[in-house]
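Remarks on the structure that follows.
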Amino acid sequence: MAYYYPEPSRTFGEYLLVPGYSSSENIPDAVSLKTPLVKYRKGQEECPLTMNIPMISAIMQSVSGEKLAVALAKQGGVSFIYGSQSIEDEAAMVARVKDYKKGFVTSDSNLSPENTLADVLALKAKTGHSTIAITEDGSANGVLVGLVTSRDYRVSRMSTDIKVKDFMTPMSKLVTAPASTTLKEANDIIWDNKINALPIVDDNGCLKYIVFRKDYDSHKENVNELLDANKSYVVGAGINTRDYETRIPALIEAGADVLCIDSSEGYSEWQSRTLKWVREKYGNTVKVGAGNVVDRDGFRFLAEAGADFVKIGIGGGSICITRETKGIGRGQATAVIEVAKARDEYFRETGIYVPICSDGGIVHDYHITLALAMGADFVMLGRYFARFEESPTNKVRINGNTMKEYWGEGSNRARNWQRYDLGGSAKLTFEEGVDSYVPYAGPLADGVQTTLYKVKSTMCNCGCNSIPELQEKAKLTVVSSTSIVEGGSHDVVLHSSTGRPE
């Protein structure tokens, strides 16, 4: 006879935190959000890889590209470059993150001299950037021949079919600097020459980076930025259980600090095979997370197989339709609570602390605090990060609103059969994700800082100044549907969007 759980599975929206005693020391500025990313012998050694904030980005085409990886590392978290691409392309993305130099921007707005003003306008509309590098071949690292900025053309007085070479600022009139230039030297050149952008070129005249005047203030050290021993940004990468024997070596060679098996269901022989191969080849030097699971058995299986962290969640993502199509999954809150108990049980037995990650089910910022209070060491977010400027998707206008594209790895658009395959045909038989849009939310830094201030504020209400303290002291209560309604605005007439009464 099938096993029936005595209690229903619950989501984060069905819980609230009950305030605890707050002392004068419980202020947001005093809260530490440091959290372990990989397993270690707690109480006996330091965790070899710790994050400064409890946030990682989802292993998704529409979320985790190189720009978002750099932006999130600056805030103290880790991005996992998506694995649903060729081994060469993923490794190249990882390498570019590791090679990133603070303040030195790889140009993403590039044209050739033979392009036209119409191309300039289209590219500016697409990227939002007014400075366009003109290279011989139109690539980001081609031989630099000029720059185009908004001061080089007037749409009202010029034909849109005029070629770029006829109105660009040519190389002979540009101030440039060699590849050996430091950031301080670059900023001095910018200020001394009263320019807004300084191209950095190599000995062959090829464009390497651009340093912008407007970025000067952002070059100051971020106290939370996550760096490796070589002062490069920490970055993760997604792998699958099919081509790991060739993908993993390439990613390690590119500099990936941590890997994660990207799968819709982790309680499988495929994942144990992958982890066994990693341990036999690399020992414990390569850090690999695994998942996803939703119960004690799944956690124990992956922990004993050698996972460095375990991801929790099946079917709770905003673009995931696994529960609809397959009828499998579990409410995210219930899953986190059970796996957290299993994690603590495993630690008592072995002395090894295996961090757990809540993946999916985060709708509101306070759900992050709930996930942490329930035992998660950090959360993985897809929709949340897809909204920001640095995600790899295009901005589009939908009904007058600026949106960004967002699709699931189980969607036909992603065609990520490695993630969902069960060992049979290499084609995507049916979809487990949708193609959608999310409201554009501006720069990642602004959004993350606001979210984490909310998390810290709530922790202070609970009398806690660290994540371990929150997990020890938190008091949670299940709320009724009526309580949920009560928690929002009610029994009032809201102002319209103009700020005036209707």
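For the pair Thr402/Ser457, report the inter-label distance in nm, with labels modelled 7 Å from Cα in the Cβ direction.
Once both label points are built, they end up 2.4 nm from each other.
Full-extension gain between Val485 and Lys34, please, as 0.36 nm times their residue separation minus the C-alpha to C-alpha distance.
159.0 nm
May I have the extent of the alpha carbons of segment 272-406 along their three principal axes, as whole Å values ordered from largest to smallest?
56, 33, 29
Could you give the length gained on full extension between Met1 and Ala125, defined as 0.36 nm per residue of separation minus the Cα-Cα distance, in nm?
Stretched out fully, the Met1 to Ala125 stretch lengthens by 38.6 nm.
Counting alpha carbon pairs within less than 8 Å and at least 6 residues apart, what relative contact order, in whole percent, applies to the chain?
It comes to 21 percent, rounded to a whole number.
With charges set only on the Cβ (+1 for Lys and Arg, -1 for Asp and Glu), what does the dipole of segment 7-94 come to about its Cα centre, in debye to the nearest 20?
Approximately 160 debye in magnitude.
For the chain, what is the Kirkwood estimate of the hydrodynamic radius, computed as the reciprocal of the mean inverse distance between distinct Cα atoms, to one decimal in Å?
24.6 Å
Residue by residue through segment 377-389, which ³J(HN,Hα) values in whole Hz follow from phi under the Karplus form 6.51 cos²θ - 1.76 cosθ + 1.60 (θ = phi - 60°), with glycine and proline marked x?
So the J values, rounded to whole Hz, are 7, 6, 10, 9, 10, x, 3, 4, 7, 4, 6, 8, 3.
Which far-off residues, 5 or more places away or on another chain, put their amide H under 5 Å from the one on Met55, with H placed in the peptide plane?
Sorted by chain and number, the residues that satisfy this are Val78, Val379.
Calculate the all-directions average of the projected area of segment 251-321's alpha-carbon convex hull, and give it in nm².
Orientation-averaged projected area of the Cα hull: 5.2 nm².
Where does segment 334-391 land on Rg(C-alpha)/(2.2 N^0.38 Å)?
1.30
Determine Rg/Rh for segment 185-338; Rg is computed over alpha-carbon atoms and Rh is the Kirkwood hydrodynamic estimate from the same atoms.
Checking Rg against Rh, the ratio lands at 1.15.
I'd like the orientation of helix 244-254 relative to the chain: the angle between its Cα long axis and the longest Cα principal axis, in ° from 0 to 90, rounded to 10.
50 degrees
How would you order 225-232, 253-260, 448-455 from highest to lowest mean count of nearby Cβ atoms within 10 Å?
Sorting 225-232, 253-260, 448-455 by mean packing, highest first, produces 253-260, 448-455, 225-232.
Report the residues of segment 68-104 in range of a label on Trp191: point 7 Å along Cα→C-beta, backbone N strictly under 20 Å from it.
Answer for segment 68-104: 102-104.
Which of the chymotrypsin sites (Phe, Trp or Tyr not before Pro) found in segment 8-61 are in a DSSP loop and have at most 13 neighbouring Cβ atoms, other than their own, within 10 Å?
Tyr21
In nm, what is the difference between 0.36 nm times the number of residues separating Ile352 and Lys276 and their Cα-Cα distance?
Result for the pair: 25.6 nm of gain on full extension.
Suppose every K and R has +1 on its Cβ and every D and E has -1 on its Cβ; what is the size of the dipole of segment 39-163 about the Cα centre, in Debye to the nearest 20?
620 debye
Against the longest principal axis of the chain, how steep is helix 183-193, in degrees 0 to 90 to the nearest 10, with axes from Cα atoms?
Once rounded, one gets 40 degrees.
Against the longest principal axis of the chain, how steep is helix 444-461, in degrees 0 to 90 to the nearest 10, with axes from Cα atoms?
So the inclination is approximately 30 degrees.
Nearest 0.05, what FRET efficiency do Glu469 and Thr116 give at R0 = 51 Å with Cβ-Cβ as r?
Given R0 = 51 Å and the Cβ-Cβ separation, E is 0.25.
For segment 1-147, what is one quarter of the convex hull surface built on the Cα atoms, given in nm²?
Projected over every direction and averaged, the Cα hull of segment 1-147 covers 17.9 nm².
Within the accessible area of the chain, what % is carbon and sulfur when the probe is 1.4 Å and the other protein chains stay in place?
Accessible surface attributable to carbon and sulfur in the chain totals 49 percent.
About the Cα centre, and with charges only on the beta carbon of Lys, Arg (+1) and Asp, Glu (-1), how big is the dipole of the chain? Nearest 20 debye, please.
In total the dipole reaches around 540 debye.
Is any residue of segment 1-17 close enough, with backbone N under 16 Å, to a label point placed 7 angstrom from the Cα of Glu345 along the Cα-Cβ axis, and if so, which?
Answer for this model: 5-7.
What's the FRET efficiency of Lys173 with Asp435 using the Cβ-Cβ distance as r and R₀ = 35 Å, to the nearest 0.05?
So the FRET efficiency works out to roughly 0.15.
If you take the Cα Rg of segment 1-77 and divide it by 2.2 N^0.38 Å, with N the number of residues, what do you get?
1.62
Set the Förster distance to 22 Å, then compute FRET efficiency between Lys184 and Lys214 from the Cβ-Cβ distance, nearest 0.05.
0.85
Taking Lys473 as the anchor, which lysines have their alpha carbon closer than 16 Å to its alpha carbon, excluding any fewer than eight residues away along the same chain?
In chain and number order, the partners are Lys341, Lys456.
The values are calculated or read from the model by the stated rules, or taken from the named source; none is laboratory data. Since the model is a prediction, treat every value here as computed from it, not as a measurement. Heads up, the Cβs are rebuilt from the backbone with ideal geometry, glycines too, and the neighbour counts pull from every protein chain shown. What goes into the accessible areas is simple: the full protein's heavy atoms, side chains included, and nothing from ligands, DNA or RNA. Shrake-Rupley method; radii C 1.70, N 1.55, O 1.52, S 1.80 Å.
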